[in-house]
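Have a look at the structure below, then the notes.
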Ligand code: PLP
């Protein structure tokens, strides 16, 4: 792979040389003091990222615990739902989950919840805003869990977590939020938005290698967890007990934890406010450049929603839809990689990420390359 190959896919994103070096250190046991120190560094830095994702460095939660899993965000999403409404122990009644779906990852939560509980989804066309009145009508006092994706990576729409959090809190439902492509790159306020469990992935805004994910579980969520009701590997009571001594219940992915620790410490060093500003400026630059090229952004905003600050989804023009592969190949031939649409959006859109530690030059190179590919 060329050293200057530019990954602009919405994950995995580029990682620094220091992260790569950390992953190639000599192996240690996951029960050693060396490993515990690595996990503790990752937890401390993650605590900062989860609770101080604000422009002014304000702290938005203080009583929770950061966990890291050997597994990508889907595992963390499943762990959250299963520990809150799982019935594997045979003890629980069938819980009720309201998943909000307006893209592929909202649908993923719904598919997960379907395995553990009765599901009463609120759905909108992918890329369109959810109807908050419908959410109000659907969430009731029988609702155990509401799930939602903050930044819908499949469409480039930023969903209104605060408004939905208010509705969940009115009915004392636990609120599980996928912040996979926002946390570490955009503002996220745990207590103000009534979030009980937030999950994120290493390979997105954290700019760490793919393979691990992280969760922030508030005290309120921890009280509601029933580890016996979840898959054995995802028993969060057990993960939390072991995390107190900076260990995981099973063998930790040592090199990935090391890479994650370095990447998240880099975020703390940059400063959350600066990082959020940078992501907002870079995504604005992408949106303005693509609009200036005469292209249409895919997401349909309304008053309650915003364009994503970490990922831009653009409708492919008619002439490119005839042979989208040629367009993506022309970009790749210039040493840049972007993504197409997922599921039924394949061949209809392209997606470009500004997650992680990209420079203005890299953003400009992405714009220039995409512009040239259209002209080819
Ligand atoms: N949630 C969101 C918003 C995502 O963008 C992704 C991956 O792109 C996931 C969840 C799932 O991540 P993974 O497939 O790595 O488990």
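The values are calculated or read from the model by the stated rules, or taken from the named source; none is laboratory data. Just so it is clear, the structure is predicted and the values come from calculations on it, not from any experiment. Cβ atoms come from the backbone with ideal geometry, glycine included; neighbour counts cover every protein chain shown.
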For this session: Would you check if there is a residue in segment 312-334 being buried (at least 18 other Cβ atoms within 10 Å of the Cβ) and closer than 28 Å to residue 166 by Cβ?
Result: yes
For this session: Check off (1) closer than 20 Å to residue 233 by Cβ; (2) touching a residue at least 24 places away in the same chain (Cβ under 8 Å); (3) surrounded by fewer than 22 Cβ atoms within 10 Å (Cβ to Cβ); (4) away from the ligand (no atom under 16 Å from the Cβ) for residue 108 and give me the number that stays unchecked.
Result: (4)
For this session: Can you confirm whether segment 116-136 contains a residue that is crowded, with 19+ Cβ neighbours inside 10 Å, within 12 Å of the ligand (Cβ to nearest atom), under 20 Å from residue 299 (Cα atoms) and modelled with pLDDT of 95 or more?
Result: no
Exercise. When you scan segment 287-313, how many residues do you find that are touching a helix residue (DSSP H, G or I) at 6+ places or on another chain (Cβ under 7 Å) and closer than 23 Å to residue 54 by Cα?
Worked result: 6
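Could you list, in sequence order, the residues of segment 283-299 that are surrounded by fewer than 15 Cβ atoms within 10 Å (Cβ to Cβ) and either part of a helix (DSSP H, G or I) or touching a residue at least 60 places away in the same chain (Cβ under 8 Å) (or both)? Talk me through it step by step, then tell me what you get.
Of segment 283-299, the ones surrounded by fewer than 15 Cβ atoms within 10 Å (Cβ to Cβ) are 284, 288, 291-294, 296.
Listed by number, the residues that qualify are 284, 288, 291, 292, 293.
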Exercise. If you check every pair at least six apart or on different chains, which have Cβ atoms under 9 Å apart with a residue in segment 75-89 that is free of Cβ contacts under 8 Å to residues at least 24 places away in the same chain and within 13 Å of residue 198 (Cβ to Cβ) first and a residue that is within 16 Å of the ligand (Cβ to nearest atom) and outside any helix (DSSP H, G or I) second?
Worked result: none
Seminar exercise, completed: Considering residues that are touching a residue at least 12 places away in the same chain (Cβ under 8 Å) and either in contact with a helix residue (DSSP H, G or I) (Cβ under 6 Å, 6 or more places away or on another chain) or closer than 25 Å to residue 16 by Cα (or both), the number found within segment 342-363 is 14
For this session: Among the candidates 281, 219, single out the residue that is under 21 Å from residue 85 (Cβ atoms) and out of contact with any helix residue (DSSP H, G or I) (no Cβ under 7 Å at 6 or more places or on another chain).
Result: 219
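Quick one: would you say residue 73 is within 16 Å of the ligand (Cβ to nearest atom) and either surrounded by 21 or more Cβ atoms within 10 Å (Cβ to Cβ) or more than 19 Å from residue 149 (Cα to Cα) (or both)? Walk me through how you get there before you give the answer.
On the way: within 16 Å of the ligand (Cβ to nearest atom): yes; either surrounded by 21 or more Cβ atoms within 10 Å (Cβ to Cβ) or more than 19 Å from residue 149 (Cα to Cα) (or both): yes.
So residue 73 fits the description; yes.
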Exercise. Hey, does segment 53-63 have a residue that's under 17 Å from residue 275 (Cα atoms), buried (at least 18 other Cβ atoms within 10 Å of the Cβ) and within 15 Å of the chain's Cα centre (by Cα)?
Worked result: yes
For this session: Hey, can you tell me all the residues within segment 105-135 that are more than 15 Å from residue 177 (Cβ to Cβ) and in a helix (DSSP H, G or I)?
Result: 107, 111, 114, 132, 133, 134
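Just for helices (runs of 4 or more DSSP H) wholly inside segment 318-376: which have at least 2 residues that are closer than 25 Å to residue 125 by Cβ? First the steps, then the outcome.
Values: elements: 318-321, 324-333, 360-375.
Hits in segment 318-376: 318-321, 324-333.
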